[in-house]
Amino acid sequence: LPLRIKNEFIAREIRVWRLLKHHRILELQEFFEDDEKLFFVSLLAERGTLYTHLKHNGPAIEDVVQTWMWQIITGVQYMHLRWIAHRDLKLENILLFEDGTVKVADFGFILDHIKSETETSRTYCGSRPYMAPEILLQLPYLPFKADVWAIGIMSYALLTARYPFDHHMNVVQLTNCQRLRDYKYPDHIIPTIACRDAIDQLLTYDAYLRPTIHEVYLCTINMFRSKASEKNYRMTSPNAIYSAHIIDRNVFQ
């Protein structure tokens, strides 16, 4: 990016990040700069990111994934309610703390002052494995719905330790796979029907049919309630035992 654009992004990141006050969003406590670098001061995430945790521990059990995703969803909903889109949601930007909770971090591509749910953007940003099809195709896209797509990718990745789509394919091949929902679960991982359905909805190809974060929030609440009533469900701590299956590090790159 040109230096001018980079400076605009940094200024926006600082301005907006300072305003974000939510227990599922990493708080900016302080920032300062010298002649060469800008430093951000925030809480230490003792257990790193969900990405590094996944690489070292393999896929998480479904109850743990739901717990983490619920925390991420509440943080993202807080942002969307304030007309702010993250635009770079990925496991590398979700911090894991000693108590097993997570927080959303890294607001370098944040977009604020969005005027409506239907306002589009033409600034194509994010990380390729998490990019919604409309961004890959460089179409005008809905920033909020792009965040929802990324949540779907993260959900699948946490369950399986792989991405649902091969992001090394060219754009035509990749978006065609996305359109056809051409992804499967490994034989040794059997998510519940409710979990599969939720991920399918998050990975809806048509952004206008993709659920909003508020609909995702309500769906997640109902999923928890359903488990509690039908299976005497008890929320598992994120410190629970993880699947013993080893992550395929060549796939999850």
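In this structure, Tyr78 does not qualify as aromatic (Phe, Trp, Tyr) and in contact with a helix residue (DSSP H, G or I) (Cβ under 7 Å, 6 or more places away or on another chain). Residues in the stretch 102-132 that are out of contact with any His (no Cβ under 6 Å at 6 or more places or on another chain) and under 20 Å from Thr52 (Cβ atoms): 10 in all. I need the full set of residues from the stretch 85-105 which are buried (at least 22 other Cβ atoms within 10 Å of the Cβ) and part of a helix (DSSP H, G or I), in order please. Result: Leu91, Asn93.
Select from the stretch 36-84 the residues that are assigned to a loop (DSSP other than H, G, I, E, B), within 18 Å of Glu13 (Cβ to Cβ) and at pLDDT 95 or above and list them in ascending order. Residues satisfying the conditions are Arg82, Trp83, Ile84. May I ask you to verify whether Leu28 is part of a loop (DSSP other than H, G, I, E, B), free of Cβ contacts under 8 Å to residues at least 60 places away in the same chain, crowded, with 17+ Cβ neighbours inside 10 Å and within 21 Å of the chain's Cα centre (by Cα)? So Leu28 passes the test.
Annotation: Leu209 fulfils all but one of (1) modelled with pLDDT of 95 or more; (2) within 17 Å of the chain's Cα centre (by Cα); (3) not hydroxyl-bearing (Ser, Thr, Tyr); the unmet one is (2).
The values are calculated or read from the model by the stated rules, or taken from the named source; none is laboratory data. Everything numeric here is computed off the predicted structure, so don't read it as measured data. Please note: Cβ atoms are built from the backbone with ideal geometry, for glycine as well, and neighbour counts cover all protein chains shown.
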